[in-house]
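The values are calculated or read from the model by the stated rules, or taken from the named source; none is laboratory data. This structure is a prediction, so every number in the text was calculated from the model and none was measured. Quick reminder, even Gly has a Cβ in these numbers, built from the backbone with ideal geometry, and neighbours come from all protein chains shown. These area figures cover heavy atoms from the full protein model, side chains too; ligands, DNA and RNA do not enter into them. Shrake-Rupley method; radii C 1.70, N 1.55, O 1.52, S 1.80 Å.
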Amino acid sequence: MNSKTTSFRSIGSFLLQIPLWLYFIVSVYPLFWMISYSLKNNDEIFVTNPFGFPAHFRFENYVNAWTQFNIPRYFMNSFIVSIISTLCILLLALMFAFAVARMQWKFRTAVRTYMIVGMFMPLQVIMIPLAILVRDFHLTNTYGALIIPYIAIGLPFSTMVFYGFLVSIPREIEEAACIDGASIYRLFAQVILPLALPAIATIAIFQFLNNWNEFTLAYILISDENMKTLPLGLLFFQGSYSTDWGAMGAVMTIASVPMVLVYLLLSEQVERAMTVGSAVKG
């Protein structure tokens, strides 16, 4: 009887795990496919072995991608633009959210609403005015042509997330700091910032991924070969008569490494963001 009960429990546990294993396979397979893709030649990718493990590991695809194309330059441009844009978004959005959520001043609700409205503005609507502004300010083919629009586009969503997080912090913490003599700047730097670290990590990952992968604005505002970012560089991998798809897969894998590293470095803070917010409220 006991052995039957144990068997039923084992079968039930196995059946319950099937959806989780399916979800795991669906989530991981695209990453596996991209890495396998980067280690094959054109024949394997399209004819003989499009979905399986590579028959021969063609590491020369990585060497070709790195040496024969302008990948180091594209990589550095993407890194500079993404890092500066993300840092500026974090700093400006956090200060704005603090002023709106924790300070009392006239029109703060109207200003917050104005900021959030920007989140619903379609990118297609602002493309032409933005291109004209960038040209008139002589920013075409510079880092500023991408960094400034990325900051403007990223601020509304980041502000909304920070506002929701800062509003949940109990007033008693702020009052205790003020009683101890903390100024408004010290309160922000030594009390609010440490409490907001999980939200900062979440926004940092989200905005870095957005800026790293952004293609449309970069395609419109950048034409100089030396200023192109990685998504633009991938576009020009495709030749008129033949394309080295294995090298393109190698570039895609290289382009994914920073995003994976950022997530691994900040994933613990993101998980804490799901629980610390409710803990602070309590």
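Quick one: which of GLY233, GLY154, GLY164 is in contact with a Phe, Trp or Tyr (Cβ under 7 Å, 6 or more places away or on another chain) and open to solvent by less than 60 Å² (accessible area, probe 1.4 Å)? So the residue among GLY233, GLY154, GLY164 that is in contact with a Phe, Trp or Tyr (Cβ under 7 Å, 6 or more places away or on another chain) and open to solvent by less than 60 Å² (accessible area, probe 1.4 Å) is GLY233. Say whether the condition of being over 30 Å from SER183 (Cα atoms), surrounded by 19 or more Cβ atoms within 10 Å (Cβ to Cβ) and not aromatic (Phe, Trp, Tyr) is met by at least one residue in the stretch 89-102. Checking the stretch 89-102: not a single residue is over 30 Å from SER183 (Cα atoms), surrounded by 19 or more Cβ atoms within 10 Å (Cβ to Cβ) and not aromatic (Phe, Trp, Tyr). Only one entry in LEU187, LEU193, LEU209, LEU166 is within 22 Å of LEU264 (Cα to Cα), in a helix (DSSP H, G or I), over 16 Å from the mean Cα position of the chain (by Cα) and modelled with pLDDT of 85 or more, namely LEU193.
Screening LEU139, LEU193 for residues that are surrounded by 15 or more Cβ atoms within 10 Å (Cβ to Cβ) and of a type outside the set (Val, Ile, Thr) leaves exactly one candidate, LEU139.
When PHE107, PHE57 are checked against the criterion of being at positive phi and either touching a Cys at 6+ places or on another chain (Cβ under 8 Å) or open to solvent by 90 Å² or more (accessible area, probe 1.4 Å) (or both), a single residue qualifies: PHE107. Just checking, does the stretch 19-34 include any residue being open to solvent by less than 60 Å² (accessible area, probe 1.4 Å), assigned to a helix (DSSP H, G or I) and touching a residue at least 12 places away in the same chain (Cβ under 8 Å)? Checked the stretch 19-34: at least one residue is open to solvent by less than 60 Å² (accessible area, probe 1.4 Å), assigned to a helix (DSSP H, G or I) and touching a residue at least 12 places away in the same chain (Cβ under 8 Å).
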